[in-house]
Amino acid sequence: MDRSPTLAASRATPQTLRLPLLAILLSTLATCESEVAAPEEEVFEEGEISFDASSPTDFVYLNLADGTRVSPSDPAASTEWHLAFRRFSVRLNSGVSGPGSVSGYNLGNNASSSAEQVVALTPEDGEAAFQAVTEADIPVSSAFVEDGLAPDPGSSWFRFDPQAGTLVADPRVAWKVRESSGRGHALFRVAELRMEGQRPLGLNIEYRRQDPGGALGEAGILGVDLTRGPAYVGFAGAERPQPGSCDWDVGVSPEFGVLVNGDCGAGTFPLDAAQDFTTQTRADDAPEYADFLAVIAGAFPASVIDAGGIFWYGIQNNNRLWPTYNVFLVRVDQDVYKVQVHDYYSATGASGFPSVRFQRLR
């Protein structure tokens, strides 16, 4: 601000211009104050955070702009959070995961690595990969994706039971189903898996059905025989539906794959782990239904059995998760952050304790 006219006038006529000069000074001061810009909101540039995300039902929510954990009272209606973590899942506040517009991009710097190469990676390799990412690596806006539905990459309806030494069903995992030909909707989960060694003999599907405009019914059981090949079930009660018909909604193969009759309009949406199968009241309210066995995923893949995600599970036939050190870009409004999950274990070796480093690129 140029004060020279006022100072010159003051030196020329100190007595006669005393009052006018005071007015000029006050006016100039007010002008200067109006020209001072309001302080910009502080943006957190970089940081690292470790936390307990071992709950099978509850997410941990992060705000990258503040570099903090947040606890929204209603995450489904809140834009306060940007990233959410639960066990192996990473969610963005967008699409089918939340009301925000947070999007992501997987740089996949180690996505083509073999299992042996992932095992050989060191924490120093991970940090070097993170530091190597700059603003120049930000792709065009259309490359960023929000959370949506993706095919289940690992048949999440079963798990290995070390005590039994075999595969067992995981009834904690369930889906909402849009039935074929618009017949209605249903919930289903695999309640029991019958094995002979490593060979599946059959399974029991537990389901609850909802007619159009009706209420979700009580649970029923459908037995599936896998000894003669793929088997198909229709929740509306079709007896022995054939593969080429629209009488079936889902099918199961002896290779542990779940099929969805997408050609006839059937689709699935995953029930969240925090939602109780027995207390749900509707199956027709999913935001969308995919014509495959669906999981929620986006830039952060749902898979933990390849190098494209944040971890690769059981490479050496054990229960360990190996970090892939892939770097992800997360866009929040006009800001873009690079994010890397570089560890998954606590100081005592407990799993479900991710360590996340992040930095604002622009």
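The values are calculated or read from the model by the stated rules, or taken from the named source; none is laboratory data. Predicted model, so just to flag it, every value in this text is computed and none were measured. Counting neighbours? That spans all protein chains shown, and the Cβs are built from the backbone with ideal geometry, glycine included.
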So in the stretch 174-199, with the set limited to residues that are part of a loop (DSSP other than H, G, I, E, B) and at pLDDT below 95, which one is farthest from Asn318 (Cα to Cα)? Gly197
Is there a residue in the stretch 75-92 that is on the phi > 0 side of the Ramachandran plot and of a type in the set (Gly, Ala, Ser)? no
Looking at the stretch 231-246, which of its residues are of a type outside the set (A, V, I, L, M) and at pLDDT below 95? Gly237, Glu239, Arg240, Pro241, Gln242, Pro243, Gly244
Qualifying residues in the stretch 101-117 (those that are touching a strand residue (DSSP E or B) at 6+ places or on another chain (Cβ under 8 Å) and farther than 23 Å from Ser156 by Cα) - the one surrounded by the fewest Cβ atoms within 10 Å (Cβ to Cβ): Leu107
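To keep it simple, each residue is scored yes or no on (1) more than 15 Å from Pro323 (Cα to Cα); (2) modelled with pLDDT under 95.
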residue	(1), (2)
Phe44	yes, yes
Gly47	yes, yes
Ser71	yes, no
Pro123	no, no
Pro139	yes, no
Ser142	yes, no
Val145	yes, no
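Results for (1) polar (S, T, N, Q); (2) more than 19 Å from Tyr313 (Cβ to Cβ); (3) assigned to a helix (DSSP H, G or I), shown as yes or no for each residue.
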{"site": "Ser101", "(1), (2), (3)": "yes, yes, no"}
{"site": "Ala111", "(1), (2), (3)": "no, no, no"}
{"site": "Val118", "(1), (2), (3)": "no, no, yes"}
{"site": "Ala128", "(1), (2), (3)": "no, yes, yes"}
{"site": "Ser142", "(1), (2), (3)": "yes, yes, yes"}
{"site": "Ala150", "(1), (2), (3)": "no, no, no"}
{"site": "Ser155", "(1), (2), (3)": "yes, no, no"}
{"site": "Val168", "(1), (2), (3)": "no, no, no"}
{"site": "Arg172", "(1), (2), (3)": "no, no, no"}
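Out of the residues in the stretch 233-270 that are part of a loop (DSSP other than H, G, I, E, B) and touching a helix residue (DSSP H, G or I) at 6+ places or on another chain (Cβ under 6 Å), which is surrounded by the fewest Cβ atoms within 10 Å (Cβ to Cβ)?
Among them, the one singled out is Gly265.
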Can you tell me which residue is nearest to the chain's Cα centre (by Cα) among those in the stretch 334-359 that are more than 20 Å from Phe51 (Cβ to Cβ) and modelled with pLDDT of 95 or more? Val336
